[in-house]
Structure formats: C-alpha cells, structure tokens
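Visitor: Here it is, the structure in full.
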C-alpha cells in the first residue's frame with residue numbers, strides 16, 4: 001500500500017489551482033475579456049445591454065440620394081430617430097440631403113471619407129479618412145460627430161485605436177436587414193423584427209429599392225412592442241463601460257449592481 005504525504009507545498013498548489021479555476025469560471029460568466037500578451041483584439045460596439053426599451057435604426061449612406069425625402073417623411077411620421085453613417089464623398093455630392101437629415105433631428109455619423117478598406121491602411125491614412133469625413137459633416141451640418149462605422153464593417157485594432165484617439169466610438173450592428181442584396185419586403189421585415197430586443201443596432205442602407213417600402217411596417221412592429229427608436233448617440237454609454245467578447249457594450253454600474261444582487265465579489269475594473 002502506497003502512503004501519500006501531503007505537504008504544505010501540495011496544499012499551496014491545490015489552493016492556487018482552485019482559485020485560478022474559480023476566476024476563469026467567474027470571468028467567463030460575465031463576458032469579461034482578460035487581456036494577455038497573445039489576446040488583445042479590440043472590438044467595436046455591436047449592440048448595447050440596457051434596461052431601457054430602446055433600439056437604434058442606422059443607415060449606411062454611400063450610394064444615391066433619391067429616397068432622402070421619403071425616408072425623412074417616414075421617420076417623421078412615426079417620431080422615430082435614426083443615425084446616418086455617411087461617406088465624406090457622399091457629403092460632397094449631396095450636401096442638401098445631409099443637411100435635411102440633420103435638420104430633421106437625425107444623427108450624422110462617419111462612414112469614412114471613401115469606401116476603401118481601412119484595415120489595409122496605415123494608421124496615418126485611417127486618421128486622415130476619419131478627420132476628413134468629420135470636417136465635411138461639421139461644415140455641412142454645423143454639428144460635431146463622435147460616431148464611426150468602417151466601410152463594409154471592415155476593422156482591425158488599428159482602425160479602432162485611431163477612432164479612440166480621435167474620441168470616437170466605433171459602431172457595428174447586430175441586426176442586418178441585408179436590404180442591399182435585393183431581398184423582398186417580407187424577407188427584410190422578418191430579418192429585422194423576428195428577434196428584436198432592447199439595445200439592438202439595426203443596419204439599413206439608403207437608395208435601396210425595398211427599404212422605404214417596408215420601413216413603416218418595421219417601425220410599427222417595433223413601436224407596438226414598446227420600443228423607442230433612438231439615435232446610436234442616445235443608445236450607447238459614453239463612459240464607465242466595457243465591451244464583451246460578443247461586442248455587447250455594458251455599463252459597469254449595471255454590471256456591478258447585477259453582481260451585488262447575486263452577492264458575488266465585485267468585478268475588477270479592467271478598463
């Protein structure tokens with residue numbers, strides 16, 4: 001029969017491994033990203049964890065401008081606000097449309113200056129893209145912008161780092177209408193409303209055939225469920241937040257309150 005002698009070293013190692021395992025389980029439960037030397041991927045905001053019944057409708061604006069008045073009229077009818085991510089080049093060609101969106105109370109955000117792949121650019125070129133577009137927005141609308149969405153949603157750490165340096169929030173989406181693919185009205189409608197929930201960021205495009213036709217029905221459905229349609233600027237948290245591994249932005253205060261209710265140890269501030 002073998003006799004095992006338990007030493008202080010064994011006990012210490014056992015306690016260490018137990019604590020390590022508990023930390024891993026704890027952090028995984030709350031979606032906290034623990035950065036290591038091999039894991040430093042930055043993530044934009046895809047949606048927001050919120051206790052308020054708010055959803056943000058967004059449009060990527062890069063093509064024509066024929067439906068500007070129609071979209072404004074629809075949004076105005078339902079007292080809904082939207083965010084328009086515009087290309088700087090589009091602003092050059094359609095300053096009246098940009099001003100009309102802004103004057104109607106919608107948020108004008110940056111989609112960069114051109115529709116090129118930012119992740120393939122050096123930081124200096126990315127910075128020029130964002131600054132140039134912001135300058136055009138401010139010149140046209142008289143308002144400063146702090147929201148940014150990369151063309152085609154194409155980003156890497158450099159893109160987000162430049163946006164952060166400029167005091168801008170990088171925004172993606174978690175509900176894609178795929179309207180630009182020529183989907184039918186029913187297909188667009190079902191994609192958007194099927195799993196709609198608070199904090200969603202919905203992606204549409206301007207100058208797309210079926211979007212203005214189905215937009216009223218989508219808005220009516222969302223509002224019938226009690227959702228308020230707000231700009232991204234009104235939806236996101238501006239400080240004291242974290243973005244988990246899925247791209248959900250969370251308020252640190254709400255996270256701490258949730259943990260307190262469950263009587264768990266306070267979460268470390270990793271920001």
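The values are calculated or read from the model by the stated rules, or taken from the named source; none is laboratory data. Predicted, not measured: the structure shown is a model, and the values here were computed from it. In this analysis, Cβ positions are derived from the backbone assuming ideal geometry, glycine residues included, and neighbour counts consider all displayed protein chains.
Visitor: Which of (1) touching a helix residue (DSSP H, G or I) at 6+ places or on another chain (Cβ under 9 Å); (2) surrounded by fewer than 18 Cβ atoms within 10 Å (Cβ to Cβ); (3) within 18 Å of residue 49 (Cα to Cα); (4) touching a residue at least 60 places away in the same chain (Cβ under 8 Å) is the odd one out, the single condition residue 240 does not satisfy?
Guide: (4)
Visitor: For the list (1) surrounded by fewer than 16 Cβ atoms within 10 Å (Cβ to Cβ); (2) under 17 Å from residue 58 (Cα atoms), I need the number of the one condition that residue 210 fails.
Guide: (1)
Visitor: Let me ask something else about it. Could you check residue 195 against (1) in contact with a strand residue (DSSP E or B) (Cβ under 7 Å, 6 or more places away or on another chain); (2) outside any helix (DSSP H, G or I); (3) without any contact (Cβ under 8 Å) to a residue 60 or more places away in the chain and say which number it fails?
Guide: (1)
Visitor: Let me ask something else. Considering each of 74, 108 in turn, give the residue that is over 30 Å from residue 250 (Cα atoms), touching a helix residue (DSSP H, G or I) at 6+ places or on another chain (Cβ under 7 Å) and surrounded by 18 or more Cβ atoms within 10 Å (Cβ to Cβ). Spell out the reasoning first.
Guide: Values: 108 fails: over 30 Å from residue 250 (Cα atoms).
When all the criteria are applied, what remains is 74.
Visitor: Go through (1) farther than 29 Å from residue 239 by Cα; (2) buried (at least 18 other Cβ atoms within 10 Å of the Cβ) one by one and return the number of the condition residue 162 breaks.
Guide: In the conditions (1) farther than 29 Å from residue 239 by Cα; (2) buried (at least 18 other Cβ atoms within 10 Å of the Cβ), residue 162 misses (1) alone.
Visitor: Do we have any residue at all in segment 142-149 that's out of contact with any strand residue (DSSP E or B) (no Cβ under 7 Å at 6 or more places or on another chain), exposed (fewer than 14 other Cβ atoms within 10 Å of the Cβ), free of Cβ contacts under 8 Å to residues at least 60 places away in the same chain and under 19 Å from residue 249 (Cα atoms)?
Guide: There is no residue in segment 142-149 that is out of contact with any strand residue (DSSP E or B) (no Cβ under 7 Å at 6 or more places or on another chain), exposed (fewer than 14 other Cβ atoms within 10 Å of the Cβ), free of Cβ contacts under 8 Å to residues at least 60 places away in the same chain and under 19 Å from residue 249 (Cα atoms).
Visitor: Residue check: is residue 189 assigned to a helix (DSSP H, G or I), surrounded by fewer than 21 Cβ atoms within 10 Å (Cβ to Cβ), at pLDDT 95 or above and touching a strand residue (DSSP E or B) at 6+ places or on another chain (Cβ under 6 Å)? Working first, answer last.
Guide: Details: assigned to a helix (DSSP H, G or I): yes; surrounded by fewer than 21 Cβ atoms within 10 Å (Cβ to Cβ): yes; at pLDDT 95 or above: yes; touching a strand residue (DSSP E or B) at 6+ places or on another chain (Cβ under 6 Å): no.
Against the criterion (assigned to a helix (DSSP H, G or I), surrounded by fewer than 21 Cβ atoms within 10 Å (Cβ to Cβ), at pLDDT 95 or above and touching a strand residue (DSSP E or B) at 6+ places or on another chain (Cβ under 6 Å)), residue 189 does not qualify.
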